[in-house]
């Protein structure tokens, strides 16, 4: 055997394998270094995280058991001057404390099953629930969607902590929850939760909820009723079993399913609870909560703070409600008490509203809960409108006789008289968005958080939209000026096979069309066809987009209901014909943007909210955006001053201050609106029936309300004009053409001079001269253009108008031709191209030179005696 060769081969293999071994060693070393680095980073990260968590825990407030008792802290509301206006307190809410042994086991179980299914096993925080919430949030893409708060955490959240920093608050909340469970037992924690939670309608605690909704002691609740009450806490308004029984019913099913799954009830109990119609015997009237403690303004402030706590601080509705009424907050409103008192004084004065002899009516809402002799409960409701209160009372007596039989007991009843027509008003400082005063309606306000017509009523804006949807975008971006001329003549456009022919509000007057009219005059006289033509020219989409930018939230892009498609992107938009309507508050803010040099500021009702320790909880910084050019806002203001001084809004003019505004009247006079502003404030007044119907409009009641309120508000304010921006110039133009006026032509119009001085944005002054007016020499005898043959004494000079787009009489209805005001001044069609047919060469007596006839004796004929 050749051992030498074998040895040589081994040496070669050893030499060749040496780098591989070295590489393997280096690779192992790198892996170790990388692993160590990860471990070190992890240790550092954990240490850092623990340090952060420890710092957060160390900054947590000390746990004081007094903080978790159901008394809470009083919340105070202040006006703009810092004067206390209202006190909110848990004690003022409907609360009756109940010991845990007074609360039925199935109600306790319903709450635990829904809110905290591992309540009896965790130490204050639910680890399993936390991981489930994290997974759910990651899956949904919303890291704040679910928080896995236990009942103990909710007590801490509602009573101890402020929600200023969500992550820190969550850590502190979990820490304090663990501490609380060390201090008191589970049963006490559950008792506290059941007595401090909000159940809507001003009720706190399950005993008050049982009284409010079922008129019974909490101990007498059935399983179905308990599930109904437990369903309310997460969103008290949304799951209100009176206002939204369908929502509550869906939630009740979820609660019952959880109770069955967690074996708190058996199948038979589940089936029985599911078929029990709790909504048929809900106590729908509670005399303790029908009296109104708060004004419409305070209601709106509470609503605004509630929404901001939810949106900005992550509170659910129940938690936010609880904090407002029990959290010891200090809420600073934007309300001006002096202005509010003026508004209230006017709205309680019946002289500002139609008398019984005109269109007065009263709408009566009558509710009654009757317990019959067999123990069943029947709820009755009637809503009817009457011309007088006496007739309403007679109707109520008849209803009571019908509803209540011998042996029946009236559990509760309520009569609400609502005068008609109704009205609402909003006053806002458009420089900062601060709402200064509102009226949500006339008549007695019964109940808190009741319907507020100033902020919640969605009504058709009518002609008030002509400015916002048509003329504003046309002037701002589409090249229109106040001098632009629109021809008010019959107009039809077909969309989707459906013809649309708008009519003017003066359709039944001597002239139902006014012909060539400037944008300024179209605004001043609120001309329908010209507004629609303008929107048609610029496009409905453009008008729609401007309205969205002006803060209107209820406009419909595309909506399908029962197979029918609705959209507000159509020409009716120019006349306020929209699907859902808008609120007076939205109109006020939109017109405030015009007043505020083109800057829209979202209206606000409060400036800041402090927690019970005086730290800022919420600070309301108005949201603003530029929605039009500064020059556009000035031009529209100028045009709308014409509305007040000589147009449809003259009844609102109090003359001691410049006013610009726009009236709005919907079809058949169902809604009457005036939105107008001064150099200080913008205000809107709406008037109409709650159940829309014609008011047979004959008086400007809404305009008089606006005038008298605003006149008093401005009495002590110094006079000032609307500011004129640097980009505004003026020029003399012809109002019939919108072009430069021609002296000797435009000033000779048979109706009077049409030369006007108009404002323009720099760069938009017309460069062409008037081409509407024409001068013609007419033969008075023939009525046609004069020729060189017409005697001078028959020649007269006339001024006619000639439309850029000729009228087409062939398209008119021969049975009802349009009555166009300026048609009589137009060059007659019979004259076009026609010259005098009386005077001319064919009719001239020839001149002949005759010989001297002095010696000529003519023949004499016999005289004609006939």
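The values are calculated or read from the model by the stated rules, or taken from the named source; none is laboratory data. Just so it is clear, the model here is predicted, and its values are computed rather than measured. Please note: Cβ atoms are built from the backbone with ideal geometry, for glycine as well, and neighbour counts cover all protein chains shown.
Residues that are touching a strand residue (DSSP E or B) at 6+ places or on another chain (Cβ under 8 Å) and closer than 21 Å to residue 837 by Cα: list the strands (runs of 3 or more DSSP E) wholly contained in region 737-823 that include at least 2 such residues. I'd like the intermediate steps shown before the answer.
Details: elements: 755-761, 773-779, 795-801.
The qualifying strands (runs of 3 or more DSSP E) are 773-779, 795-801.
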Exercise. For region 549-631, which strands (runs of 3 or more DSSP E) that fit wholly inside it have 2 or more residues that are in contact with a helix residue (DSSP H, G or I) (Cβ under 7 Å, 6 or more places away or on another chain) and in contact (Cβ under 8 Å) with a residue 12 or more places away in the chain?
Worked result: 599-601, 606-610
For this session: Mind listing whichever residues of region 681-703 are within 19 Å of residue 645 (Cα to Cα) and buried (at least 18 other Cβ atoms within 10 Å of the Cβ)?
Result: 681, 682, 683, 684, 685, 700, 701, 702, 703
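Just to be sure, is residue 782 over 21 Å from residue 745 (Cα atoms), modelled with pLDDT under 90 and either surrounded by 11 or more Cβ atoms within 10 Å (Cβ to Cβ) or touching a helix residue (DSSP H, G or I) at 6+ places or on another chain (Cβ under 8 Å) (or both)?
So residue 782 fits the description; yes.
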For this session: Could you grab me the full set of residues in region 623-635 that are in contact with a strand residue (DSSP E or B) (Cβ under 8 Å, 6 or more places away or on another chain) and surrounded by 15 or more Cβ atoms within 10 Å (Cβ to Cβ)?
Result: 627, 629, 631, 632, 634, 635
Seminar exercise, completed: When every residue in region 649-665 that is crowded, with 24+ Cβ neighbours inside 10 Å and assigned to a loop (DSSP other than H, G, I, E, B) is compared, the one modelled with the highest pLDDT is 659
Exercise. Wholly within region 78-180, which helices (runs of 4 or more DSSP H) include no fewer than the required count, namely at least 1 residues that are at pLDDT 75 or above and touching a helix residue (DSSP H, G or I) at 6+ places or on another chain (Cβ under 8 Å)?
Worked result: 105-115, 151-159
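Could you run through region 480-529 and say how many residues are within 33 Å of the chain's Cα centre (by Cα) and either in contact (Cβ under 8 Å) with a residue 40 or more places away in the chain or crowded, with 21+ Cβ neighbours inside 10 Å (or both)?
Of the residues in region 480-529, 27 are within 33 Å of the chain's Cα centre (by Cα) and either in contact (Cβ under 8 Å) with a residue 40 or more places away in the chain or crowded, with 21+ Cβ neighbours inside 10 Å (or both).
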Exercise. Does residue 368 count as in contact with a strand residue (DSSP E or B) (Cβ under 7 Å, 6 or more places away or on another chain), assigned to a helix (DSSP H, G or I), more than 30 Å from residue 694 (Cα to Cα) and touching a residue at least 12 places away in the same chain (Cβ under 8 Å)?
Worked result: no
Seminar exercise, completed: Taking region 320-337 and keeping only residues that are within 26 Å of the chain's Cα centre (by Cα), in a helix (DSSP H, G or I) and touching a residue at least 60 places away in the same chain (Cβ under 8 Å), one is left with 321, 324, 337
For this session: Determine, yes or no, whether residue 738 is over 34 Å from the mean Cα position of the chain (by Cα) and at pLDDT below 95.
Result: no
